[in-house]
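Undergrad: Take a look at the following structure, please.
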Amino acid sequence: MIENLHLLINVFLLAFLVLIVFAAINTNNLFVATMLFGIFSFVTALLFLDLDAVDVAFTEAAVGAGFTTVLMLSALRLTGAFENVKHRQSVLGLFIVVLTGAALIYGTADFPRMGDPNSAVHLNLAPEFIQLTQEKIDIPNVVTAVLASFRGYDTFGETVVVFSAGVAVLLLLGMGQVEPKKEPEQNVVLRIVVKPIIALILIFGLYVQFHGDFGAGGGFQAGVIFASAFILYSLVFGESYTRKVIPAAILPRLAALGVLIYGVTGLASLLFDKPFLDYNALSSNPVSGQHTGILLVEAGVGLAVFATVLLIFYSFSGVNHNE
Amino acid sequence: MIIISLLSDFCLLIGGIFTLTGAVGLLRLPNFYTRLHAASVTESLAAPLLIIGIILDTGFTLDSAKLIIIIIIMVVSSPTITHALCRAAAHGGYAPDMQKKKQRQADNRAKEPK
């Protein structure tokens, strides 16, 4: 019964994904397409949740559905809402798409069946990670242990990628400026409701940041959630006030500081004759050293992501001087 | 106990009916504002009722405390979202077509056989 229910939910969600994609291709209204892709991300998050990948679902919902949608809407303000329709159909394009699709479908034939206990993933690395997490790191959430400690190099790379994305947007668009007149009209209902909700979002962001060792969450999600509180504030109360709370000029510094915290945590272990990012060196007791390391690294990730997200939002939504 | 079980069934039933009404309204109603009205019924009334029904059915645990917080956030936020959407539509120059409705009524009256 439960098996069938799972199958039913999966089929329903996957069919929904296909429908959303077709609807998004068919419409030439870019606002509608953006919203459809937001829904797509939410449905993907549900699929991840169904696969028990709570951390991934969390990131997908926060980044894919929340932040990307806001960014796309800000970008649409610069470009206009409708697609330039060209009714030119290319046979070559169709051929390439069909070929790529066929190759991908052919590739799935080599996949192990979903949930197969004998597949390569479940035989080699996963049991080792689960065992070592208990022995060496001693935190309940294996995902955080893998992300911040076992593959700390990769996460460092990801943080640098996020930072360089922010720098690239900054170079292309500049910081943007706010025209004092162009504030949104003050709306009593929105202001009253949003005020306490912003406080809740900020608290939730901190919870996700520091509770990542025990439950779903961590620096990436917390950074986006924290930034979304500021984005909400600037949408309802006006961007010039947000820029008074967090001036655009300090955001690149904050993002760089986040990456720096991560890097310095890695370098600190070099001082004690241990490999880069080996947190065992950070304390006399290896396990508490791991705890300190993960806390610092997650703080760096959270700071970098928060600053980058807010920076990109400022760049897109502000009035650009070099238009 | 049977009262709680009945209450839970009642909440689930009413929630289901409201969800269905919202879905039908979203598909069948003629313009943006009426469709938004139908959708907001699903969000602000049906979903909390369904969650209350589930809480009553499973008994009070830590999970239901979390669900109650979700209900509070939903009840506060979804009417606000509807309000913001409606306002944005009105500001964007999407007027409710009252004129057409009057016109329609007049047309219908003219069509009626005397």
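Laboratory data are not the source of any read-out in this text; all were calculated from the coordinates shown. Owing to the predicted nature of the structure, the values given are computational and were not obtained by experimental measurement. Virtual Cβ from ideal backbone geometry, glycine too; neighbours counted across all protein chains shown.
Undergrad: Mean Kyte-Doolittle hydropathy of -0.5 or higher plus an axial Cα length of 24 Å or more: which whole DSSP H helices in chain B meet both? Intermediate results must be reported in sequence, preceding the final value.
TA: On the way: long enough: B:2-28 (38 Å, 1.87); B:62-91 (43 Å, 1.37).
Membrane-span-like by this rule: B:2-28, B:62-91.
Undergrad: Rounded, prolate or oblate, given the Cα gyration tensor of the protein assembly as shown, with a/c below 1.5 counting as rounded?
TA: In terms of gyration-tensor shape, prolate.
Undergrad: Turning to a different aspect of this structure: Given axes a ≥ b ≥ c from the Cα gyration tensor, I'd like to know whether the stretch B:1-65 is rounded (a/c under 1.5), prolate (a/b larger than b/c) or oblate. Working shown, then result.
TA: Details: a/c = 5.00, a/b = 2.45, b/c = 2.05.
Prolate.
Undergrad: Separate question: Ignoring everything except DSSP H segments at least 4 long, calculate the 222 nm mean residue ellipticity for chain A; use -39,500 (n - 2.57) per segment, divide by total residues, nearest 500. Working shown, then result.
TA: Working: 14 runs with 223 residues, N = 323.
Result for chain A: -23000 deg cm²/dmol, rounded to the nearest 500.
Undergrad: What list of ³J(HN,Hα) couplings, whole Hz, do you get for the stretch A:258-264 from phi and the Karplus terms 6.51, -1.76, 1.60, once you set θ to phi - 60° and write x for glycine and proline?
TA: For the stretch A:258-264, the Karplus curve yields x, 4, 4, 4, 4, x, 5 Hz.
Undergrad: How many lysine pairs are close in chain A, with Cα atoms under 28 Å apart and the two 8 or more places apart or on different chains?
TA: Total qualifying Lys-Lys pairs in chain A comes to 6.
Undergrad: Roughly speaking, what is the centre-to-centre gap between the stretch B:1-62 and the stretch A:263-293 when only Cα atoms are used, to the nearest Å?
TA: One Cα centre to the other: 53 Å.
Undergrad: Using only alpha carbon pairs under 8 Å that are at least six residues apart, calculate the relative contact order of the stretch A:1-89 and give it in whole percent.
TA: Reported relative contact order: 30 percent.
Undergrad: In debye, nearest 20, what is the charge dipole magnitude of the protein assembly as shown about its Cα centre with +1 on Lys and Arg Cβ and -1 on Asp and Glu Cβ, if you could check?
TA: 2260 debye
Undergrad: Which one of A:101, A:157, A:166 has the biggest mean-square fluctuation once chain A is modelled by GNM with Cα springs under 10 Å?
TA: A:101
Undergrad: Could I ask something else about it? If I build a Gaussian network model for chain B, linking alpha-carbon pairs within less than 10 angstrom, which residue out of B:80, B:58, B:19 has the largest mean-square fluctuation?
TA: It is B:58.
Undergrad: Just tell me how shielded A:193-202 is by partners: mean number of partner chain Cβ atoms within 10 Å of each residue's Cβ, no decimals.
TA: Mean inter-chain Cβ contacts per residue within 10 Å come to 2.
Undergrad: Could you point to the residue in B:105, B:64, B:39 farthest towards the positive end of the stretch B:2-111's charge dipole, with +1 and -1 charges on the Cβ of Lys/Arg and Asp/Glu respectively?
TA: The residue sitting farthest along the positive end of the dipole is B:105.
Undergrad: Still on this structure: In whole Å, what is the distance between the alpha-carbon centres of the stretch A:86-130 and the stretch A:25-62?
TA: 20 Å
Undergrad: I would also like to ask the following. Taking 8 Å as the Cα distance limit and 6 or more residues as the minimum spacing, I'd like the relative contact order of chain A as a percentage.
TA: 21 percent
Undergrad: Count the net charge of all other residues whose Cβ sits under 13 Å from the Cβ of residue A:17, scoring Lys and Arg as +1 and Asp and Glu as -1. Before the final figure, lay out each step's value.
TA: Working: positive: none; negative: A:50, A:60.
Around residue A:17, the surrounding residues sum to -2.
Undergrad: Sum up the charges of everything whose Cβ sits under 13 Å from the Cβ of residue A:63, counting Lys and Arg as +1 and Asp and Glu as -1, but leave residue A:63 out.
TA: The answer is -3.
Undergrad: Based only on the alpha carbon positions, what is the Kirkwood hydrodynamic radius of chain B, in angstrom?
TA: For chain B, the Kirkwood estimate is 16.6 Å.
Undergrad: Checking the a/c ratio against 1.5 first, then a/b against b/c, what shape does the Cα gyration tensor give for the stretch A:264-323?
TA: Prolate is the answer for the stretch A:264-323, as a/c is 1.5 or above and a/b outweighs b/c.
Undergrad: While we're here: Please give the net charge around residue A:290, taking every other residue with its beta carbon less than 15 angstrom from that of residue A:290, where Lys and Arg add +1 and Asp and Glu add -1.
TA: So the surrounding residues net to -2.
Undergrad: Sticking with this structure for a sec: What residue among A:116, A:154, A:278 shows peak mean-square fluctuation when chain A is described by a Gaussian network model with Cα springs under 10 Å?
TA: So, out of A:116, A:154, A:278, the one fluctuating most is A:116.
Undergrad: If you don't mind, there's one more thing I want to ask. Under 24 Å between C-alpha atoms is the cut-off here; go through chain B and count lysine pairs that meet it, provided they're at least eight residues apart or on different chains.
TA: Value for chain B: 6.
Undergrad: Next question, about the same structure. Once you keep just the Cα pairs under 8 angstrom separated by 6 or more residues, what percentage relative contact order results for chain B?
TA: Relative contact order comes out at 27 percent.
Undergrad: What is the set of long-range amide H partners of residue A:176 at a cut-off below 5 Å, with H atoms built 1.01 Å from backbone N?
TA: Counting only residues 5 or more places away or on other chains, the set is A:321.
Undergrad: Then there is this: Given +1 on the Cβ of Lys and Arg, -1 on the Cβ of Asp and Glu, and no further charges, what dipole in debye does the stretch A:141-323 carry about its Cα centre, rounded to the nearest 20?
TA: Rounded to the nearest 20 debye, it is 380 debye.
Undergrad: Right, here's the next one. About its Cα centre, what dipole magnitude does the stretch A:1-89 give when the only charges are +1 on Lys and Arg Cβ and -1 on Asp and Glu Cβ, stated in debye to the nearest 20?
TA: 600 debye
Undergrad: Got a sec to turn the phi values of the stretch A:149-157 into Karplus ³J(HN,Hα) couplings, 6.51 cos²θ - 1.76 cosθ + 1.60 with θ = phi - 60°, whole Hz, x for Gly and Pro?
TA: Computed from phi, the couplings for the stretch A:149-157 are 10, 5, 10, x, 4, 4, 5, 4, x Hz.
Undergrad: For the stretch A:223-323, with the dipole built from +1 on Lys and Arg beta-carbon atoms and -1 on Asp and Glu ones, taken about the Cα centre, which of A:288, A:259, A:309 lies farthest toward the positive end?
TA: A:309
Undergrad: At residue A:103 and residue B:29, where each label point lies 7 Å from the Cα along Cα→Cβ, what is the point-to-point distance in nanometres?
TA: 4.9 nm
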